[in-house]
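The values are calculated or read from the model by the stated rules, or taken from the named source; none is laboratory data. It should be emphasised that the depicted structure is a prediction, and the values quoted were computed from it without experimental measurement. Note that each Cβ is placed from the backbone with ideal geometry, even for glycine, and that neighbours are counted across all protein chains shown. What goes into the accessible areas is simple: the full protein's heavy atoms, side chains included, and nothing from ligands, DNA or RNA. Shrake-Rupley method; radii C 1.70, N 1.55, O 1.52, S 1.80 Å.
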Amino acid sequence: MKNWWMLTKKADFEHISKQFGIDPAVARVIRNRDVISDEEIDMYLNGTLDNLGDMSLMKDADKALHLIAEAINAGKNIRIVGDYDVDGICSIYILYKGLTALGGIITYDIPDRIGDGYGINDRIVEKAHDEGVNMIITCDNGITAIEQANLAKSLGMDFIVTDHHDVHYEEKDGVREYSVPDALAVVDAWQEDCLYPYKDMCGAGLVYRLMERLFTILGKNVLWEKIKDGLVEIAAIATIADVVKLQGENRVIVKEGLKRIRKTKNVGLRNLIEAKGIDINRFKAVNVAFGIGPCLNASGRLESAMLGLDLLLEEDENKAADLATKIVELNNERRAIQDMVQERAIEEASSREMINDKILVIYVPGAHESVCGLAAGKVRERFYKPTIILTDGADGNLKGSARSIEAYNIFEGLVEVGNLLLKFGGHPAAAGMSLKKENLDAFRKALNDNCNLSDEDMIERVNIDLQLPLGYVSVKLIEDLELLEPCGMGNEKPCFADRNLKILSYSAMGRDGQYARMVLSNEKGHRMTAVCFNDCEGLRKAYDAGEIVSVIFYPEINEYRGTKNLQINVKEYRIEKQ
């Protein structure tokens with residue numbers, strides 16, 4: 001059972017409704033997202049790229065940009081080093097397009113997921129030196145590259161970090177001691193002494209803002225206006241795919257980026273959208289989350305992230321179409337591999353030995369390490385427990401990825417057992433690590449011994465924005481709900497609920513009859529068509545038995561053959577005792 005939780009945050013909803021011309025129900029949803037003051041609500045509803053914060057407040061930002069500008073003017077060779085996921089690919093793209101537009105001599109490199117692992121390493125630094133590089137700029141990685149910064153310095157290269165991951169620390173006697181690379185500049189908002197108020201940008205969002213600032217410093221505002229549309233759309237893709245909070249500046253970047261994607265001039269992106277069968281005129285955040293993002297990620301998972309970057313940079317229609325087709329095929333292959341790994345992991349997690357663990361540490365021998373994080377996410381959803389899936393790395397050690405639940409900071413958990421790990425990094429919700437195989441059992445035991453998760457923490461909570469009687473659902477309400485888009489992490493699609501409903505009719509949908517279409521009626525006799533795409537067996541039994549149900553839903557308009565009708569999409573349901 002999931003814990004249904006009615007949000008009851010207070011505000012003057014009538015004032016908000018009149019002030020901004022929105023339905024009071026929508027005003028409640030906005031307040032539930034912790035958007036409180038009139039200024040914040042106006043930014044939420046109407047914010048544009050002109051309303052983003054002052055990047056001069058970002059620690060080392062101006063210092064890094066002046067150094068980069070000097071390197072460009074001096075004709076120095078600059079190497080960008082990113083990561084092999086969507087955020088890394090997009091970060092490199094934005095830096096490359098921005099710095100080349102300013103006349104920079106720019107090259108880029110991406111670690112191989114299997115051969116190199118996450119982040120810049122000694123091999124990449126030495127390769128850059130051998131190829132005559134004068135400056136290395138990291139993006140979407142680098143905050144833990146202490147040894148690599150020292151190596152670059154010893155080889156006479158400038159080293160600049162741009163990253164958005166947590167700063168590494170060690171805890172001694174209850175005091176955290178943070179460590180950052182000895183680079184010429186370290187740009188990461190999570191540094192303790194960084195004054196920039198908005199911390200949650202992904203790597204691509206950060207470098208987009210840095211490029212904007214650089215062009216301003218250099219007085220190249222006209223040039224920036226020519227290229228910014230093509231960069232903000234890529235930053236939007238990364239922001240959605242990297243699952244950072246869609247609040248504040250992230251929300252503005254995504255909102256503005258999606259508008260531009262619908263008219264994109266990026267040949268590669270347009271071909272990928274077509275290859276996925278997505279209507280570009282109706283392109284939404286969900287199309288990135290479940291379409292474009294996984295495809296770009298698949299290039300780095302199964303072959304090389306360079307494929308994804310090549311696609312975004314490609315200007316030839318035929319070559320872009322071929323690349324897009326190949327990347328979609330790689331994603332299909334990735335999906336099949338992931339299904340195999342997560343099935344094995346679920347079987348292991350269900351075993352008698354592991355069933356009582358609060359943190360699942362699952363070793364899947366021979367698995368493709370690139371899908372461990374995705375499979376861990378699915379296992380976490382199934383059991384609602386922090387999950388780590390490990391497999392054999394190319395170096396003989398174990399490599400793995402973690403996905404966590406709301407109540408458990410997996411990064412801090414790894415810090416506590418850092419003595420058992422070779423390398424680790426990440427966020428509160430996701431992380432990666434490597435360890436010696438002989439430490440596996442000790443690692444699993446230590447994580448579980450240290451965790452203080454309660455039984456209640458491990459019941460998934462479904463937040464309900466408000467109880468909304470079926471009779472309140474209208475076209476105007478649904479139109480106003482569109483103002484909440486883009487929805488995602490931190491700005492979740494709203495959930496409404498109604499109680500004590502009768503199922504007046506029930507018909508199965510789907511190839512195997514696994515979905516349902518119903519007519520529901522509440523106590524006041526208001527009727528509404530409802531669809532459900534989850535496990536519908538309980539609803540069918542409730543209909544057959546004449547039982548009463550309560551539902552969590554989202555209202556929508558169903559358009560079929562030119563006819564529009566109101567309906568609700570049932571996300572969760574309960575059979576009520578009579």
**For the stretch 481-519 versus the stretch 157-214, the gap between their alpha-carbon centres in whole angstrom** = 41
**Request:** Give the percent of DSSP beta bridges with both residues in the chain that are antiparallel, rounded to the nearest 5.
**Result:** 65
**Request:** Calculate one ³J(HN,Hα) per residue across the stretch 189-197 by plugging θ = phi - 60° into the Karplus curve 6.51 cos²θ - 1.76 cosθ + 1.60, and present them in order as whole Hz with x for glycine and proline.
**Result:** 5, 7, 5, 4, 9, 7, 8, 5, x
**Prompt:** Tell me, what % of the accessible area of the chain is carbon and sulfur with a 1.4 angstrom probe?
**Reply:** 46
**Prompt:** How large is ³J(HN,Hα), in whole Hz, for each residue of the stretch 306-320 in order, when computed from phi with the Karplus curve 6.51 cos²θ - 1.76 cosθ + 1.60 and θ = phi - 60°, using x for Gly and Pro?
**Reply:** 4, 4, x, 5, 4, 4, 5, 8, 5, 10, 8, 4, 5, 5, 5
**Item:** On Cα atoms only, tilt of 203-217 relative to the major axis of the chain in degrees
**Value:** 60
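Please state the relative contact order of the stretch 238-385 as a whole percent: Cα pairs under 8 Å, 6+ residues apart?
Values: 142 pairs, mean separation 30.1, N = 148.
It comes to 20 percent, rounded to a whole number.
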**Message:** Can you order the peptides 90-97, 243-250, 5-12 by their average number of other Cβ atoms within 10 Å per residue, highest first?
**Reply:** 90-97, 243-250, 5-12
**Message:** In Å², and per residue, what accessible area does the chain have when probed at 1.4 Å with the other protein chains present?
**Reply:** 46
**Item:** Sequence ranges 296-307, 553-564, 481-492, ranked by mean other-Cβ count within 10 angstrom, highest first
**Value:** 296-307, 481-492, 553-564
**Asked** Between their Cα atoms, which of 255/284; 127/319; 97/226 are more than 19 Å away from each other?
**Response** 127/319
**Relative contact order %, the stretch 216-307, counting alpha carbon pairs below 8 Å whose residues are six or more apart** = 24
**Request:** Order the peptides 448-461, 206-219, 520-533 from the highest to the lowest mean number of other Cβ atoms within 10 Å of their residues.
**Result:** 206-219, 520-533, 448-461
**Request:** Kindly express, to the nearest 10 degrees and within the range 0 to 90, the angle between helix 248-261's C-alpha long axis and the longest C-alpha principal axis of the chain.
**Result:** 90
**Prompt:** So if R0 is 60 Å, what FRET efficiency would residue 333 and residue 15 give, r being the distance between their Cβ atoms, rounded to the nearest 0.05?
**Reply:** 0.65
**Asked** Hey, what did the chain get for relative contact order, percent, Cα under 8 Å, at least 6 apart?
**Response** 12
**Request:** Could you compute the FRET efficiency for residue 182 and residue 412, with r as their C-beta to C-beta distance and R0 at 22 Å, rounded to 0.05?
**Result:** 0.35
**Request:** Calculate how steeply helix 86-101 sits against the longest principal axis of the alpha-carbon atoms of the chain, using the helix alpha-carbon long axis, and give the answer as 0 to 90 degrees to the nearest 10.
**Result:** 50
**Asked** Taking a probe of 1.4 angstrom, what is the accessible area of residue 89 in Å², to the nearest 10?
**Response** 0
**Request:** Compute the FRET efficiency between residue 563 and residue 286 as 1/(1 + (r/R0)^6), taking r as their Cβ-Cβ distance and R0 = 22 Å, and round to the nearest 0.05.
**Result:** 0.40
**Message:** Show me, for the stretch 352-362, the HN-Hα J-couplings you get by feeding each phi into the Karplus relation (A = 6.51, B = -1.76, C = 1.60, θ = phi - 60°), rounded to Hz, glycine and proline as x.
**Reply:** 4, 5, 10, 4, 8, 5, 8, 10, 8, 10, 10
